[in-house]
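For reference, the structure discussed in these notes is given below.
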Amino acid sequence: MVQALPKSKLVTFEEFAQWKPEEGRYELHDGVIIEMSQPLGGHEEVKGFLTTELAFEYRRLNLPYFIPNQALVKPPDSESGYLPDVLLLNRPNLVNEPLWKKESTVTQGASVPLVIEVVSTNWRVDYLTKVKDYEEIGIPEYWIVDYLALGGRRFIGSPKQPTIFIHELIDGEYQVSQFRGDDQIVSPTFPELTLTANLIFQAGV
C-alpha cells in the first residue's frame, strides 16, 4: 500500500518521486502534488494520433528516439515534475541523466527533442508555467495542441478557435508559430512531417 502524502504539505521532488503510485496521473507543481483528472476521450485520441505519427517519423529516419508512457520532466532548481502528454526522448543522452534509472525522470534539454501538451481545462499551466519551465530546461521544441480552443483569448483570439502553437528554442528563448485550419505543421525536429492542424484536430472529434 502506498503511503499517501498530504496535499496541503509542500514536498520535495525526491519525496514525490518515491511516493508517486503506478496507478493514476500526478504532477508536482512547486512542491504541491496535483492529481490529474481523467482526460476526455478526444484528448486521448489526439494524443494517440500524435504519438503514432511521431513514432512513424523517427523510425523512418532511423533516429534513436522513443516515447515513454510515464516518464517525468523536472525543471532545474525546482520542486516540480511534469508528466507530458507526448514526451519524445533521445536515448543516447539518458546515460547523462542522474534521475533516469531510478525515477524515470529527465532534467536536460539534450534528452528531450520534442514535448507536446494537449490542452485540458487547466490551460494556464500549458500556456504559461510549462512554457517557462520547458524553455529553462532547454527543450528544443514544445507543442501546445489546443484542439478544443480552451485557452485564453489573448492566445487563440476572439472568437476562440482551435490552434496549435509550436515553440522553437532559438538562442535560449522560445520563438512561437501558430497553426490553424489547413495550415501545414512546421516542426523543426521533423521538417518532413506532413500534417495539417485540421488533421490533428479531427483525431479528437
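Worth a mention:
- The sole residue among 69, 90 that is under 21 Å from residue 144 (Cα atoms) and either in contact with a Gly (Cβ under 7 Å, 6 or more places away or on another chain) or buried (at least 18 other Cβ atoms within 10 Å of the Cβ) (or both) is 90.
- Residues of the range 57-76 that turn out to be of a type outside the set (Ser, Thr, Tyr), free of Cβ contacts under 8 Å to residues at least 60 places away in the same chain, within 24 Å of residue 22 (Cα to Cα) and not in a loop (DSSP other than H, G, I, E, B), as a count: 2
- Pairing each residue of the range 92-116 that is over 21 Å from residue 58 (Cα atoms) and touching a residue at least 60 places away in the same chain (Cβ under 8 Å) with any residue that is among the hydrophobic types (A, V, I, L, M, F, W, C) and open to solvent by 20 Å² or more (accessible area, probe 1.4 Å), provided the two are 6+ apart or on different chains, yields C-beta distances under 8 Å for 99/17; 103/17; 105/17; 105/99.
- Near pairs, Cβ below 7 angstrom, 6+ apart or cross-chain, from the range 148-175 (on the phi < 0 side of the Ramachandran plot) to any residue that is open to solvent by 70 Å² or more (accessible area, probe 1.4 Å) and β-branched (Val, Ile, Thr): 150/121; 165/176; 166/186; 167/176
- Residue 84 being outside any helix (DSSP H, G or I), of a type outside the set (Ser, Thr, Tyr), touching a helix residue (DSSP H, G or I) at 6+ places or on another chain (Cβ under 6 Å) and open to solvent by less than 20 Å² (accessible area, probe 1.4 Å): no
- Restricting the search to strands (runs of 3 or more DSSP E) fully inside the range 108-194 and requiring at least 2 residues that are modelled with pLDDT of 95 or more, closer than 29 Å to residue 38 by Cβ and of a type outside the set (A, V, I, L, M, F, W, C) gives 141-146, 163-170.
The values are calculated or read from the model by the stated rules, or taken from the named source; none is laboratory data. Predicted model only: the values in this text are computed from it and were never measured. Every residue, glycine among them, receives a Cβ derived from its backbone with ideal geometry; neighbour counts consider all protein chains shown. Side chains included, ligands, DNA and RNA excluded: accessible areas come from the protein's heavy atoms. Shrake-Rupley method; radii C 1.70, N 1.55, O 1.52, S 1.80 Å.
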